[in-house]
Amino acid sequence: MSRLEGKVAVVTGGARGIGRAICMAYAAEGAKVAVADRLIEDAQETAALLGEAGMAVQMDVTEPAAIAAGIASIEENWGGIDILVNNAGIFNMASIEEVTVDDYRRQYDVNVGGTIFAIQAVVPGMRKRGGGVIINFSSQAGRRGEPNITIYCSTKAAVISITQSLALELAKDKIRVNAIAPGVIDTPMWTHVDALFAKYEKKPVGQKKREVGEAVPLGYMGAPEDVAKPAVFLASEDARYITAQTLNVDGGNWMS
């Protein structure tokens, strides 16, 4: 039997990159998967790849009301939610002189607020179902500081703390809460990231991406599928005694 047979999952930021890979992996393991994303056309494209196991839900995670409405529609269609993956996230760089209130609020609203309020929306239903699994997305940037990335690093450190606190709070409800901290993963977002590093480190476009891949102890950037497989494990009964943990999936970049 597939490891997620009969489960219902929702993946925020599920339309592209790591999110899409997780949606595909969950469906392959027998789950029904709601692809939740602000980009509804991309979400519909990903959901179509899943066939009857997929549905697209437009969701802006900066709006708690939109999160609640999206979760309610999934529960109405499929009877409940067993797995929440908080994958939606954004990245930006700025020196301390260039940090703006708008950028600060936007990154915290997506990376931190989106995580908290999506969890808030699914917990009542999970309690009714007798438990569930929540997987948050941090980053290797949440394990350490990096120059010109103060806001992003701090949001991802916050996700680790949120994971620990809510894992303890929800343990009595048989809801496990863990996180994944990816390293450098080759997704479409890296075009944006590489361009920012080119600006701040005065490097040709493409050089930073090549350098970070070569610096990984395993010698290369990861693929979205390299993150999706651990996400399947953490959602499955194989991980039933694991909670409050943040799993590094980074080719050996960070040791903890």
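Checked against the criterion of being surrounded by 16 or more Cβ atoms within 10 Å (Cβ to Cβ), among the polar types (S, T, N, Q) and farther than 21 Å from Asn248 by Cβ, region 102-113 has at least one qualifying residue.
Each residue in region 170-206 was checked for being free of Cβ contacts under 8 Å to residues at least 12 places away in the same chain, surrounded by 13 or more Cβ atoms within 10 Å (Cβ to Cβ) and in a helix (DSSP H, G or I), and 3 of them qualify.
Taken together, Ala48, Ala68, Ala56, Ala94 contain a single residue that is of a type in the set (A, V, I, L, M, F, W, C) and in a loop (DSSP other than H, G, I, E, B), which is Ala94.
Report whether or not Ile83 is closer than 24 Å to Ala25 by Cα and touching a residue at least 60 places away in the same chain (Cβ under 8 Å). Here the answer is yes, as Ile83 does meet what is asked. Within the option set Gly6, Gly14, Gly19, Gly30, being part of a loop (DSSP other than H, G, I, E, B), within 19 Å of the chain's Cα centre (by Cα) and not aliphatic (A, V, I, L, M) holds for one residue only, Gly14. Candidates Gly19, Gly54: the one that is under 16 Å from Ile74 (Cα atoms), touching a strand residue (DSSP E or B) at 6+ places or on another chain (Cβ under 9 Å) and buried (at least 20 other Cβ atoms within 10 Å of the Cβ) is Gly54.
For region 120-157, a residue qualifies if it is touching a strand residue (DSSP E or B) at 6+ places or on another chain (Cβ under 7 Å), crowded, with 22+ Cβ neighbours inside 10 Å and assigned to a helix (DSSP H, G or I), and the qualifying residues are Val122, Met126, Gly142.
Bear in mind these aren't lab numbers, they're just calculated from the coordinates by the rules spelled out. It should be emphasised that the depicted structure is a prediction, and the values quoted were computed from it without experimental measurement. Here the Cβ is made from the backbone with ideal geometry for all residues, glycine too, and neighbour counts use every protein chain on show.
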